[in-house]
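The values are calculated or read from the model by the stated rules, or taken from the named source; none is laboratory data. Only a predicted model underlies this, so the values are computations on that prediction, with no experimental measurement involved. Here the Cβ positions follow ideal geometry from the backbone for every residue, glycine too, while neighbour counts run over all protein chains shown. Quick note on the areas: whole protein, heavy atoms, side chains included, nothing else; ligands and nucleic acids left out. Shrake-Rupley method; radii C 1.70, N 1.55, O 1.52, S 1.80 Å.
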Amino acid sequence: MKILVPVKRVIDYNVKPRVKADGSGVDLDNVKMSMNPFDEIAVEEAIKQKEAGKAEEVVAVSIGPAKAQETLRTALAMGADRAILISTDETVEPLAVAKLLAKVVEEEAPQVVILGKQAIDDDSNQTGQMLGALLGWGQATFANTVEIDGDAATVAREIDGGLQTVKVNLPAIITVDLRLNEPRYATLPNIMKAKKKPMDTKSPDDYGVDITPRLKTLNVSEPPVRSAGIKVEDVDALVAKLKDMGVA
């Protein structure tokens with residue numbers, strides 16, 4: 001069995017994003033970038049399935065600028081076997097990402113696609129679902145446990161009332177949540193080995209996919225500064241203050 005794992009290069013989660021002076025977007029100059037945390041979890045899960053003997057090959061794929069090679073090398077150092085970079089400097093929206101991934105799936109013929117439930121830069125939470133629709137595959141989203149047995153996968157997913165367990169026939173799409181696993185650190189020997197692992201570089205034109213944006217960002221702004229709290233002497237003063245604010 002082959003597992004395909006899409007990964008995205010995003011601003012590192014420890015970095016506080018800065019808005020550009022003209023409000024046109026987020027400033028990415030001299031900002032530390034890393035793999036989307038949800039995608040790290042997806043890579044870890046794919047490698048675990050391979051280590052358990054459920055898969056023979058793990059292929060990582062990324063869509064983005066040439067620097068996304070670094071993100072793919074991280075996936076290779078974690079344990080992925082090879083990588084594919086679809087190189088573009090344009091902003092690629094979730095639908096275009098799903099269309100490109102659908103083409104990769106047709107070419108690579110994996111039995112499972114495991115990806116993060118969302119990216120922390122745009123929080124769209126759309127790519128996995130759109131990919132499932134384009135391929136006509138079953139999907140299990142927000143997975144916090146994954147068990148692959150033969151031609152089916154059993155996935156426990158978090159819902160408002162607790163946990164829901166679903167079973168999907170393979171091939172299938174699985175999007176992962178935070179509590180699925182703890183991604184491993186890439187060791188220095190594996191980082192060195194990753195440099196020799198194969199990585200194909202392609203373009204959206206190679207797959208015949210139009211990635212022209214369909215959305216236009218009108219403005220990006222910082223969230224409003226939180227106002228300071230106040231102290232009151234007793235409950236009566238609190239109630240009076242809430243009435244003055246129109247809350248009570």
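In terms of the Cα gyration tensor, with a ≥ b ≥ c the square roots of its eigenvalues, is the range 45-151 rounded because a/c is under 1.5, prolate because a/b exceeds b/c, or oblate? Oblate.
Cα gyration tensor of the range 122-173, axes a ≥ b ≥ c as square roots of the eigenvalues: rounded (a/c below 1.5), prolate (a/b > b/c) or oblate?
oblate
Can you sort 112, 247 by solvent-accessible area, 1.4 Å probe, largest first? Walk me through the numbers on the way to the answer.
Details: 112 0, 247 100 Å².
The ordering from most to least exposed comes out as 247, 112.
Simple spin-label estimate for residue 182 and residue 22 gives 4.6 nm between the two label positions (7 Å along the Cα-to-Cβ direction from each Cα).
Please compare each pair in 8/103; 20/195; 48/197; 103/202; 20/117 to a cut-off of 23 Å on the Cα-Cα distance and tell me which ones are over it. Numbers along the way, then the final one.
On the way: 8/103 17 Å; 20/195 35 Å; 48/197 19 Å; 103/202 12 Å; 20/117 27 Å.
Exceeds cut-off: 20/195; 20/117.
For residue 32, the aspartates and glutamates whose Cα comes closer than 16 Å to its Cα, not counting residues fewer than 8 places off in the same chain, are 12, 70, 121. Across q = 0.17 Å⁻¹, the chain modelled as identical point scatterers on its alpha-carbon atoms has Debye log10 I(q)/I(0) values of -1.29, in the order of the q list.
Taking amide hydrogens as placed 1.01 Å from N in the peptide plane, the amide H of residue 138 sits under 5 Å from those of 173, each at least 5 positions away in sequence or on another chain.
Each part gets one Cα centre, and for the range 187-237 versus the range 37-86 those centres are 19 Å apart. Figure note: 63, 41 ranked by solvent-accessible area, largest first, 1.4 Å probe, ligands and nucleic acids not counted: 63, 41.
In this calculation the C-beta distance from residue 14 to residue 124 is compared with R0 = 25 Å, giving a FRET efficiency of 0.70.
Indicate the gyration tensor shape class of the range 149-199 (rounded, prolate or oblate), computed on the Cα atoms with a ≥ b ≥ c the square roots of the eigenvalues: a/c under 1.5 is rounded; otherwise a/b larger than b/c is prolate and the rest oblate. The shape class here is oblate. Taking θ as phi - 60° and the Karplus parameters 6.51, -1.76 and 1.60, the scalar couplings of the range 100-106 work out to 5, 5, 4, 5, 5, 4, 4 Hz in sequence order, x denoting glycine and proline.
Provide the FRET efficiency to the nearest 0.05 for the residue 163-residue 48 pair, computing r from the beta carbons and using R0 = 25 Å. It comes out at approximately 0.80. Rolling a 1.4 Å probe over the heavy atoms of the protein chains gives the chain an accessible area of 57 Å² per residue.
Only aspartates and glutamates eight or more places from residue 99 in sequence, or on another chain, were considered; those with a Cα closer than 14 Å are 107, 205, 206, 210.
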